[in-house]
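The values are calculated or read from the model by the stated rules, or taken from the named source; none is laboratory data. Keep in mind that this is a model prediction, so the values were computed, not measured. Glycine gets a Cβ as well: all are built from the backbone with ideal geometry, and neighbour counts include every protein chain shown. These accessible areas exclude ligands, DNA and RNA; they are computed on the full protein's heavy atoms, side chains included. Shrake-Rupley method; radii C 1.70, N 1.55, O 1.52, S 1.80 Å.
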Amino acid sequence: MEKDQTAAGGKTPSDTSLSTQWKAVCGLLRAEIGEASYQSWLKPMTVREVVDGELRISVPTRFMRDWIIAHYLDRLCELWADENAEVKSVDVYIQSERETETAPSRIKTSSGDAGFSGNGGSNNYRVDISAPLDQRFTFEQFVVGKPNEFAYAAARRIAEASKVVFNPLFLYGGVGLGKTHLMQAIAWHIHERTPERTVIYLSAEKFMYRFIRALREKNTVDFKEQFRSVDVLMVDDVQFISGKESTQEEFFHTFNSLVDQGRQIVLSADKSPSDLEGMEERLISRLNYGLVADIHATTYELRLGILHSKAEKMSVEIPQKVLEFLAHKITSNVRELEGGLNRVVAHAQLVGREITLETTQDVLHDLLRANDRRVTIEEIQKRVSAHFNIRVSDMHSARRARSVARPRQVAMYLAKQLTARSLPEIGRKFGGRDHTTVMHAVKKVDELREQDSSFAEDVELLRRMLEG
Ligand code: ADP
Ligand code: MG
């Protein structure tokens, strides 16, 4: 869904003003991405010219171009647009190719709806409703495994169906597990097979922003029309609109009217409908009405599969040992896993050395440390059970005897302290208990720690073991 951003003028600003602007853009980006990335990726770029609203930047290698496009292009577009109103899109090309070819192939991306960055009136781009899609987020590039097979199947079904099968499809799961990837895969698929159908993909944040702007510009009729005339509406990260009443209201109406017209809706969130806090009851029950599919935390097998697939596309030699090491060590989410692999490859290419286990450990030491420190609720349950000499299954059981209830409370307490899980999530991991039970456990353990020093020591010891 490439956007056509033909600008009116073809004026090329003088070199000096371009380079001043480039300095400003670099300064901002450098602060955002850090010195190391800046040196690796931004420093080697050369800003060439602005032609018909397209800013042209050259880089020395294909690898660099692909990397910059994948990681920094959107941000570059936004920053440039802020610096220079003339810039509507950014083109990154390989220096040597443009010199020899007459009609080079280009990858373009639109600067999108950069207005969200908060500088309100200063930009005047054509604003498409749908956000630009990531080229890589297709079904072909999605690796299927146990944790995501259900969500994948549901997404495929929607993409292939000619009429509505279940409405809405609600995808949920932790950060970086592939929700956005699956949604955009649906969009790509429909776009390729049946281009006459209108598909809108956007974040809930944008949905809200648009809505608020429409309110301000007294334009809500148009706003509603835009959304109500689509075949498939996909709104990503709807947890964002929880607690925002007027947006929910509008969302609910749009939603109902689309469902009534037999249009397909796909939503994603980081929690299940029932766990979304600050969502209206009627919206929740409407969400639960369709198909709810969750994406679970990755397994070792899935992580390794993903690494294999990504490594293949990079066409560099990466030892199996290194891939296994990464799959074993980076367990948090796929985004970090990808990031890790990218860094290892980038490093090897820059210093021109082959990838080994040693260089990998070296390049990723900070990331690896962060992942080492991350404790899972399962580990906590195991440790605590062993410590108090009870069965792990008692962590989930309904037994209320003090001998098991107390260790269970300690485990809940530690889960709250040592993981980033929410109270409802913790409750679920302890045999589907309510979040108020977890809250009570945390309070209770705190009280006991104050009253009983040997109990306090026990808890402290467990904490240190788990963190260590
Ligand atoms: P979420 O929206 O759930 O936070 P994303 O869809 O943005 O996560 O995924 C994060 C990154 O991980 C993306 O680059 C995506 O392509 C990649 N990814 C996630 N799951 C998979 C998978 N099963 N196969 C291949 N890539 C994946
Ligand atoms: Mg996402």
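Filtering region 399-419 to residues that are more than 36 Å from the chain's Cα centre (by Cα) and open to solvent by 60 Å² or more (accessible area, probe 1.4 Å) leaves Arg399, Arg400, Arg402, Ser403. In a residue-by-residue description of region 457-464, the property of being within 30 Å of Gly339 (Cβ to Cβ) and in contact with a helix residue (DSSP H, G or I) (Cβ under 8 Å, 6 or more places away or on another chain) applies to at least one position. Whenever a residue of region 315-340 is of a type in the set (Gly, Ala, Ser), its partners that are part of a loop (DSSP other than H, G, I, E, B), lying with C-beta atoms within less than 6 angstrom and at least six residues away or across chains, give the pairs Gly340/Ile330; Gly340/Leu364.
Residues of region 226-248 being of a type in the set (A, V, I, L, M, F, W, C) and within 16 Å of ligand 2 (Cβ to nearest atom), which ones? Met234, Val235, Val238, Phe240, Ile241 - these are the residues of region 226-248 that are of a type in the set (A, V, I, L, M, F, W, C) and within 16 Å of ligand 2 (Cβ to nearest atom). Against the numbered list (1) touching a Lys or Arg at 6+ places or on another chain (Cβ under 8 Å); (2) at pLDDT below 95; (3) not assigned by TED's automatic domain parsing to the domain that holds Ala151, Lys329 comes up short only at (1). Restricting attention to region 146-173 and to residues that are within 13 Å of ligand 1 (Cβ to nearest atom) and surrounded by 23 or more Cβ atoms within 10 Å (Cβ to Cβ), the residue that is nearest to Gly290 (Cα to Cα) turns out to be Leu171.
Could you list, in sequence order, all residues of region 132-145 that are open to solvent by 50 Å² or more (accessible area, probe 1.4 Å) and among the aliphatic types (A, V, I, L, M)? Answer for region 132-145, where residues must be open to solvent by 50 Å² or more (accessible area, probe 1.4 Å) and among the aliphatic types (A, V, I, L, M): just Val144. A count restricted to region 41-61 and to residues that are outside any strand (DSSP E or B) and not hydroxyl-bearing (Ser, Thr, Tyr) stands at 8. Glu467 satisfies every condition listed in (1) without any contact (Cβ under 8 Å) to a residue 60 or more places away in the chain; (2) surrounded by fewer than 18 Cβ atoms within 10 Å (Cβ to Cβ) except (1). Residue count for region 357-366 satisfying the condition of being open to solvent by less than 40 Å² (accessible area, probe 1.4 Å) and either more than 28 Å from Val59 (Cα to Cα) or of a type in the set (Phe, Trp, Tyr) (or both): 0.
For region 22-32, the criterion of a residue being farther than 25 Å from Asp134 by Cβ and among the acidic types (Asp, Glu) is satisfied by no position. Considering each of Phe255, Phe223 in turn, give the residue that is assigned by TED's automatic domain parsing to the domain that holds Val164, more than 16 Å from ligand 2 (Cβ to nearest atom) and closer than 23 Å to Lys163 by Cβ. Sole residue among the options that is assigned by TED's automatic domain parsing to the domain that holds Val164, more than 16 Å from ligand 2 (Cβ to nearest atom) and closer than 23 Å to Lys163 by Cβ: Phe255. Could we say that Ala81 is surrounded by fewer than 15 Cβ atoms within 10 Å (Cβ to Cβ), at pLDDT 85 or above and hydrophobic (A, V, I, L, M, F, W, C) here? Against the criterion (surrounded by fewer than 15 Cβ atoms within 10 Å (Cβ to Cβ), at pLDDT 85 or above and hydrophobic (A, V, I, L, M, F, W, C)), Ala81 does not qualify. Scan region 24-71 for residues that are at positive phi and either open to solvent by less than 40 Å² (accessible area, probe 1.4 Å) or under 28 Å from the mean Cα position of the chain (by Cα) (or both) and the total you get is 2.
Within region 281-297, the residues that satisfy the criterion of being in a strand (DSSP E or B) and either within 16 Å of ligand 2 (Cβ to nearest atom) or touching a Lys or Arg at 6+ places or on another chain (Cβ under 6 Å) (or both) are Ala293, Asp294, Ile295.
Scanning region 162-189 for residues that are more than 16 Å from ligand 2 (Cβ to nearest atom) and within 25 Å of Leu283 (Cα to Cα) yields Lys163, Val164, Val165, Phe166, Asn167, Pro168. Yes or no: region 371-384 includes at least one residue that is open to solvent by 40 Å² or more (accessible area, probe 1.4 Å), more than 28 Å from the chain's Cα centre (by Cα) and not assigned by TED's automatic domain parsing to the domain that holds Gly34. Yes, region 371-384 contains at least one residue that is open to solvent by 40 Å² or more (accessible area, probe 1.4 Å), more than 28 Å from the chain's Cα centre (by Cα) and not assigned by TED's automatic domain parsing to the domain that holds Gly34. Checking each residue in region 315-356 for being more than 27 Å from Ile295 (Cβ to Cβ), open to solvent by 50 Å² or more (accessible area, probe 1.4 Å) and in contact with a helix residue (DSSP H, G or I) (Cβ under 7 Å, 6 or more places away or on another chain) picks out Lys321, His347, Gln349, Leu350, Arg353, Glu354.
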